[in-house]
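Chemist: Below is a structure I'd like to ask you about.
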Amino acid sequence: WVTVVGVVADLHLEGLGNNGDGAGYYLLQAQQGWGWLELLVRTEGAPASVIDAVRAAVAAIDPLQPIHSIATLSERSDRRLAGMQIIGGMAGVFALCALLLAAVGVYGVMAYATRLREREFGLRMALGAAGRSLEWMALRQGAPQALAGIGGGLLLGYLLAQPLAPGLSLVAVDDVRIYLAVAMLLAGAAFVASWWPARRAAAIDPIEALRGD
């Protein structure tokens with residue numbers, strides 16, 4: 001009941017973010033029977049400046065044809081993306097909260113482990129160790145644990161994000177910059193957690209450390 005006049009490449013139909021197979025077809029308006037049409041007009045300059053001219057051109061063809069829902073392509077896209085943007089914003093806030101909690105957790109664990117060695121650092125200073133060497137020692141010993149935890153977390157996060165990729169066609173779940181930013185923040189928290197308690201411990205009077213033991 002129709003004649004195929006051409007075949008085109010795969011299309012993204014049914015809204016933004018749709019990941020269907022692109023199967024679809026076009027029919028003449030007279031065959032479809034829809035009560036509305038969409039007219040796309042390419043303009044130079046401000047789009048609002050041609051609205052009256054478009055209305056006049058349509059009225060010249062059919063004075064009884066109503067015209068409504070006039071908007072630019074960017075405005076239509078923004079309306080379609082409004083729901084995704086709200087969900088994305090909420091997910092971003094939750095992600096930042098989770099990242100902050102992770103940084104606080106890393107700092108707390110690393111700082112507590114270093115603080116437990118304050119008496120040891122005092123004894124080392126009593127035996128002639130320099131404060132700077134104690135700080136570097138704490139950093140060297142804390143770095144493998146921090147790197148192992150950060151690396152394992154990034155790998156797990158990458159694996160968990162892959163099943164979500166088909167439903168997030170507008171989001172790059174494998175964006176290297178995101179993983180680098182997370183790694184740098186957590187590494188910074190681990191660095192401060194290892195360095196600051198060691199620096200405080202290096203300021204302890206060695207006599208006080210010996211007297212405590």
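Chemist: Which of the residues that make up region 109-134 are surrounded by 17 or more Cβ atoms within 10 Å (Cβ to Cβ) and small (Gly, Ala, Ser)?
Modeler: ALA111, GLY122
A quick yes/no check of all residues on (1) out of contact with any strand residue (DSSP E or B) (no Cβ under 6 Å at 6 or more places or on another chain); (2) modelled with pLDDT under 85; (3) part of a helix (DSSP H, G or I):
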residue	(1), (2), (3)
LEU27	yes, yes, no
VAL41	yes, no, no
GLY45	yes, yes, no
GLY83	yes, yes, yes
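Chemist: Specify which of the listed residues (LEU16, LEU64, LEU101) is within 30 Å of ALA190 (Cα to Cα) and either modelled with pLDDT under 85 or open to solvent by 60 Å² or more (accessible area, probe 1.4 Å) (or both).
Modeler: On the way: LEU16 fails: within 30 Å of ALA190 (Cα to Cα); LEU64 fails: within 30 Å of ALA190 (Cα to Cα).
Matching residue, one of LEU16, LEU64, LEU101: LEU101.
Chemist: Looking at (1) among the β-branched types (Val, Ile, Thr); (2) open to solvent by less than 100 Å² (accessible area, probe 1.4 Å); (3) assigned to a helix (DSSP H, G or I), which one does ILE70 not meet, given that it meets all the others?
Modeler: (3)
Chemist: Looking at LEU155, LEU160, can you tell me which residue is under 30 Å from ASP78 (Cα atoms) and aliphatic (A, V, I, L, M)? Let's see the steps before the verdict.
Modeler: Values: LEU155 fails: under 30 Å from ASP78 (Cα atoms).
So the residue among LEU155, LEU160 that is under 30 Å from ASP78 (Cα atoms) and aliphatic (A, V, I, L, M) is LEU160.
The values are calculated or read from the model by the stated rules, or taken from the named source; none is laboratory data. Just so we're clear, the structure is a prediction, and the values are computed from it rather than from any experiment. For neighbour counting, all protein chains shown are included, and Cβ atoms are generated from backbone atoms with ideal geometry for every residue, glycine included. Note: accessible area is taken over every heavy atom of the protein model, side chains too, but ligands, DNA and RNA are not part of it. Shrake-Rupley method; radii C 1.70, N 1.55, O 1.52, S 1.80 Å.
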